[in-house]
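**Q** Quick one: the structure is below, questions incoming.
The values are calculated or read from the model by the stated rules, or taken from the named source; none is laboratory data. Every value quoted in this text rests on a predicted model; they were computed, and no experiment measured them. Reconstructed Cβ throughout: ideal geometry from the backbone, glycine too, with neighbour counts over all protein chains shown.
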Amino acid sequence: MLNKVFIMGRLTRDPELRRTQNGTPVTSFSLAVDRDFKSQGGEKETDFIDVVAWRSTAEFVAKYFTKGRMAIVEGRLQIRDWTDKDGNKRRTAEVVADNIYFGDSKRDGNGGGYNDGPSYSAPVYSAPVGGYAAPVGGDFAEIDDEDGDLPF
């Protein structure tokens with residue numbers, strides 16, 4: 001059986017770090033995840049997905065993520081039955097996070113309040129001005145399209 005989920009979205013609120021009765025850290029938060037398609041009205045729809053992280057992952061999220069920050073969550077989908085304060089039986093679907101990654105850099109993120117964490121930034125690559133030139137000389141030879149000996 002396989003139960004693996006990857007979602008990417010922005011936190012809708014600051015993560016809440018709590019501890020169970022035996023001291024295990026747990027953090028819950030919600031991600032706003034845009035759908036890949038537009039509705040009939042031409043607007044993008046958004047799903048709000050609940051996420052739960054445990055132990056060191058919970059502490060990491062609580063320390064470095066805030067409302068508006070882009071996050072990538074890897075985990076599993078869990079359906080949980082519970083009873084509300086009025087005695088009604090309820091059912092909740094949530095993602096139990098195994099790993100959580102930054103989906104943006106500090107300067108790109110809309111959220112604030114993460115100035116004490118490590119700085120991560122991806123290198124930016126771009127094509128040279130004027131494009132790429134074909135190599136001159138070297139060990140390369142032009143391949144004829146009619147060559148029937150090619151294995152592909």
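**Q** Hey, Ile72 hits all of (1) closer than 25 Å to Leu2 by Cα; (2) modelled with pLDDT of 90 or more; (3) out of contact with any strand residue (DSSP E or B) (no Cβ under 8 Å at 6 or more places or on another chain) but one; which does it fall short on?
**A** So the condition that Ile72 fails would be (3).
**Q** Could you say which residue among Ala62, Ala53, Ala32 is out of contact with any helix residue (DSSP H, G or I) (no Cβ under 6 Å at 6 or more places or on another chain), among the aliphatic types (A, V, I, L, M) and under 23 Å from Asn3 (Cα atoms)?
**A** On the way: Ala62 fails: under 23 Å from Asn3 (Cα atoms); Ala53 fails: out of contact with any helix residue (DSSP H, G or I) (no Cβ under 6 Å at 6 or more places or on another chain).
Checking each option against the conditions leaves just Ala32.
**Q** Which one of these does Gly117 not meet: (1) outside any strand (DSSP E or B); (2) modelled with pLDDT of 95 or more?
**A** Every listed condition holds for Gly117 apart from (2).
**Q** Looking only at residues that are more than 17 Å from Asp34 (Cα to Cα) and of a type in the set (D, E, K, R) in the stretch 54-79, which one is nearest to the chain's Cα centre (by Cα)? First the steps, then the outcome.
**A** Taking the stretch 54-79 as the starting set, the residues that turn out to be more than 17 Å from Asp34 (Cα to Cα) are 54-66, 75-79.
Remaining after also requiring of a type in the set (D, E, K, R): 55, 59, 63, 76.
Details: Arg55: 19, Glu59: 17, Lys63: 17, Arg76: 13 Å.
That would be Arg76.
**Q** Sticking with this structure for a sec: Being more than 17 Å from Gln78 (Cα to Cα) and touching a strand residue (DSSP E or B) at 6+ places or on another chain (Cβ under 8 Å) narrows it down to one residue among Val5, Val51, Val33; which is it? Spell out how you get there, then give the answer.
**A** On the way: Val5 fails: more than 17 Å from Gln78 (Cα to Cα); Val51 fails: more than 17 Å from Gln78 (Cα to Cα).
Step by step, each of Val5, Val51, Val33 is checked, and only Val33 is more than 17 Å from Gln78 (Cα to Cα) and touching a strand residue (DSSP E or B) at 6+ places or on another chain (Cβ under 8 Å).
**Q** Could you grab me the full set of residues in the stretch 61-90 that are in a strand (DSSP E or B), surrounded by fewer than 10 Cβ atoms within 10 Å (Cβ to Cβ) and in contact with a Lys or Arg (Cβ under 7 Å, 6 or more places away or on another chain)?
**A** Ile79, Asp81, Trp82, Thr83, listed by residue number.
**Q** For the stretch 3-50, please list each of the strands (runs of 3 or more DSSP E) lying entirely inside it that holds at least 1 residues being exposed (fewer than 10 other Cβ atoms within 10 Å of the Cβ).
**A** Details: elements: 5-11, 16-19, 25-38.
So the answer is 25-38.
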